[in-house]
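Here the structure comes first, spelled out in structure tokens, and everything after it is commentary.
Bear in mind that the values in this text are calculations on the coordinates, not laboratory data. For clarity, every value in this text was computed on a predicted model and none was experimentally measured. Methodologically, a virtual Cβ is constructed for each residue, glycine included, from the backbone with ideal geometry; neighbour enumeration extends over all protein chains shown.
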Amino acid sequence: MGKKILVIEDDLIATRLMEYILKQRGYQVLTAPNGLEGLKIAREERPDLIVLNVMLPGIDGFEVCHRLRAEPRTAQSLILMLSGRARQIDIANGLNMGADDYLTKPAAPSEIVDRIESLLTQKAGACSKIIAFISPREKAGTTTTVVNVAIALAQMDKRVIAVDLGPGDGGIAEHLGIKPQDAARHFQKALSDTTDYDALESPLVVHQTGVGVLRLRTSAGEAGDIATDHIDRLDRYREATDFILVDLPFQPSAATRAVLSRCTLAVIVSTGTADALTGVKSAITVLRFLGIPQKRIGAVVTDPEGTFPEGELPQLSSYVERNIAVDVLGIIPYDAGHKISPGRAPIILASPKSTTAASIKELAQRLTAEEIAKNDATRNGVKRA
Ligand SMILES: Nc1ncnc2c1ncn2[C@@H]1O[C@H](COP(=O)(O)OP(=O)(O)O)[C@@H](O)[C@H]1O
Ligand SMILES: [Mg+2]
């Protein structure tokens, strides 16, 4: 079930528009035409976030905000204030009353939704970051990227879980040479009690590097049948980890959507061929359609076949960036030694001094920094001093 958002707004047309957009993004939407009704609904429904207009008939938005914060039942809801008053003093006033963010009207619906999403992810971001790796094509090096980045993050002392929903054969466990467990089976038995650590730990297989592996792919290799309940359970791991990396199939399944809706960042993994880049473009369109803001989408360019001569990849990366309008977060070059040895360890362990390993580490660093940059970006907006 999507997050619950309450819109307190007296302008009926603005309310309907917000309701429509938010519902399309999968949120549950409640509306109230004035402050008192808004307070009543907030008490009863305890929404995750409240979009609060300042100019309201009866008590104004500042007062509503104050009352919401004063009451324990409603104090936890995020509040995004919306007002035609652009004066700095009003913004300060709103934030002093306890609003989490403040937006001046007129604001484009897309901007309002962006703010809502960054507030919600920021709140979720108190725990781990979920990063989804998807590829419009198979054999792009997606699983290789997930596995190696997971190890690189673990080497940086991060607590990492790699979740396998990936398509095709050769899952995360196989790449790591460990025996996979069927987490879905464990989850089925698990109690709904969040403190049941046994239920959380038993489906995890921990690799010697410290990376925990959670296999949620079905035996058929199709993610379509994975219950979204299982994806919901991922949230329970967030407190105890820094990163949850998901090897995600690019399929229109409920499970895929459930992961995408809660991920901090969606990384499209692709080779640099013209044909593959067309796939990247449509992948971005699909992700945007699913409600992922552009700034939460990134790309990684890979070369699993050694198609590009050395030195050409960086050039390719800027070409890609110009053409697809999302950041290229990393480039992972071909590792010639990797292909030859069967049953080999992940590149970062087998050839830690290679340029491929260095690129992977750089990408891991970027993903850590990316989070910091993102949180800062929201803080640099109008926020409490
Ligand atoms: N940078 C690389 N250098 C050499 N081989 C690679 C590299 N990246 C991936 N491979 C190999 O390419 C094949 C496909 O990679 P994989 O990560 O399984 O792709 P996907 O998960 O996208 O299907 C695997 O055999 C893998 O070992
Ligand atoms: Mg794979």
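Here are the numbers for the structure shown:
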| quantity | calculated |
| --- | --- |
| Folded to 0 to 90 degrees: helix 313-324 orientation relative to the chain principal axis, Cα | 30 degrees |
| DSSP-defined beta bridges in the chain - what % are antiparallel, rounded to 5 | 5 percent |
| Degrees between helix 109-124 axis and first principal axis of the chain (Cα, 0 to 90, nearest 10) | 70 degrees |
| Over the chain: helical MRE at 222 nm, DSSP H runs n ≥ 4 each giving -39500 (n - 2.57), nearest 500 | -13000 deg cm²/dmol |
| Cα long-axis angle, helix 61-70 against the chain (0 to 90 degrees, to the nearest 10) | 70 degrees |
| Long-range lysine pairs (8 or more apart or interchain), the range 1-148, Cα under 27 Å | 18 |
| All aspartates and glutamates inside 15 Å of Lys353 as judged from Cα atoms, apart from same-chain residues fewer than 8 positions distant | Asp335, Glu362 |
| Given the chain, longest segment not containing exposed loop trypsin sites (Lys or Arg not before Pro) (DSSP; at most 13 other Cβ within 10 Å) | 88-352 |
| Those aspartates and glutamates that a straight Cα-Cα span of less than 13 Å connects to Lys281, excepting residues fewer than 8 apart in one chain | Glu321, Asp327 |
| Cα→Cβ-extended label distance, 7 Å offset, between Ala274 and Ile178, nm | 4.3 nm |
| Label-point gap, in nm, between Lys105 and Asn34 - each point 7 angstrom along Cα→Cβ | 1.7 nm |
| Inter-site label distance for Asp229 and Arg69 at 7 Å from Cα along Cβ, in nm | 4.1 nm |
